[in-house]
Amino acid sequence: MSIVYIISAPSGSGKSTLVNELFKMVRNLDFSISYTTRPPRGSEQNGKEYFFVSREEFEAMIVADEFLEHATVFGNYYGTARRFLREAENRSNDLLLDIDVQGASKIKEKIPEAVSIFILPPDRDKLEWRLRTRGLDSEQVIRRRLDTARREIENYSKYDYILVNNLLEQSADELKDIVLAERLRRNRGVELSEEEKRLVRTAQACQLEEARERVQPILASFNPQMVKGT
Ligand code: ADP
Ligand code: 5GP
């Protein structure tokens, strides 16, 4: 059985950057290329970051039940095609889904053993800075993304792992350790090497219960009213 990893993050947290780094380090992992009706951004290519389709094409795929889940994000359709999971399973690979909070909860309903990871920026100011320096969005879009981030972040406690993307290299290593630790967990009975024990400890430190305290100041930077445990 393939392991399904779900990664969500407020836009601009560094998710695409971290996922790119992850794929340089981990083998036997496929990326689920979503379908979307939004137009390509920057250097995005059809079939690489997304399959860019019209609303009519997307709606025809919904009718044909081709999606494992689909949602409307920022006014556009986004969907995960069932065929990616089938193909990953045929290759004995695991599958990584880069999807939003709504998609993550739909996948968790269908595949409860899926591993979900939420990426957080170090704080609101750094998120705003990253969105601006990325240079892809207008002022209006940046404001909307920051507003959406505040709401999305409130869902952090629905995820299995929380990763704070502060220093890129360290965060990429933590993400890799989570992925590898979950593979090890499914291979019970095999004695772990010292390196494997180390990565299991790193992954454990990112588990929701361990991370709760650490994320409080980040949540407060987005919404001072967000109190512990909510
Ligand atoms: P997302 O996919 O979450 O929308 P990106 O990967 O596009 O975000 O990253 C947003 C911007 O932040 C990019 O310009 C990226 O280079 C930068 N970035 C990503 N991770 C870090 C980090 N750890 N430290 C500083 N800048 C980062
Ligand atoms: P962007 O337009 O910035 O690439 O993505 C916007 C949001 O849509 C991100 O939160 C991203 O994770 C999410 N997204 C991308 N693909 C899918 C998908 O197939 N399903 C769902 N539910 N969300 C997706």
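With R₀ fixed at 22 Å, the C-beta to C-beta distance from Asp137 to Lys110 puts the FRET efficiency at about 0.10.
What are the trypsin sites (Lys or Arg not before Pro) within the range 131-212 that DSSP puts in a loop, where the Cβ has at most 14 other Cβ atoms within 10 Å? Intermediate values should be presented prior to the final figure.
Values: sites: Arg132, Arg134, Arg143, Arg144, Arg145, Arg150, Arg151, Lys158, Lys176, Arg183, Arg185, Arg186, Arg188, Lys197, Arg198, Arg201, Arg212; in loops: Arg186, Arg188.
Listed in order of number, the matching sites are Arg186, Arg188.
Entry note, the chain: relative contact order of 26 percent, from Cα contacts under 8 Å with a spacing of 6+ residues. Rg then Dmax, both in Å and based on the Cα atoms of the range 36-161: 15.9, 44.
If you bin every alpha carbon distance in the range 115-165 into 5 Å steps from zero, what whole percent lands in each bin? In whole percents, the pair-distance histogram is 4, 19, 27, 23, 15, 9, 2. The orientation-averaged projected area of the convex hull spanned by the Cα atoms of the chain comes to 13.1 nm². Could you tell me which of rounded, prolate or oblate describes the range 114-230, using a ≥ b ≥ c as the square roots of the eigenvalues of the alpha-carbon gyration tensor, with rounded for a/c under 1.5 and, failing that, prolate when a/b is larger than b/c and oblate otherwise? Taking the square roots of the gyration eigenvalues as a ≥ b ≥ c, the range 114-230 is prolate. Between Leu131, Leu29, Leu184, where does the largest GNM mean-square fluctuation fall for the chain, given springs only between Cα atoms within less than 10 Å? Of Leu131, Leu29, Leu184, the most mobile in the Gaussian network model is Leu184. Each of Phe84, Phe51, Phe118, Phe222 was scored by other Cβ atoms within 10 Å of its Cβ. Arranged with the fewest first, they read Phe51, Phe84, Phe222, Phe118.
Residues Ser13, Ser138, ranked from the fewest to the most other C-beta atoms within 10 Å, line up as Ser138, Ser13.
Computed log10 I(q)/I(0) for the range 161-230 at 0.12, 0.17, 0.29 Å⁻¹: -0.39, -0.68, -1.26, from the Debye equation with unit scatterers placed on every C-alpha and solvent omitted.
Residues Ser2, Ser34, Ser54, ranked from the fewest to the most other C-beta atoms within 10 Å, line up as Ser54, Ser2, Ser34.
Between Leu192 and Ser16, the FRET efficiency from the beta-carbon distance, with R0 = 25 Å, is close to 0.20.
Readers should treat all values here as calculations from the given coordinates under stated rules, not as data from a laboratory. Everything numeric in this text was worked out from a predicted model, so none of it was measured. Heads up, the Cβs are rebuilt from the backbone with ideal geometry, glycines too, and the neighbour counts pull from every protein chain shown.
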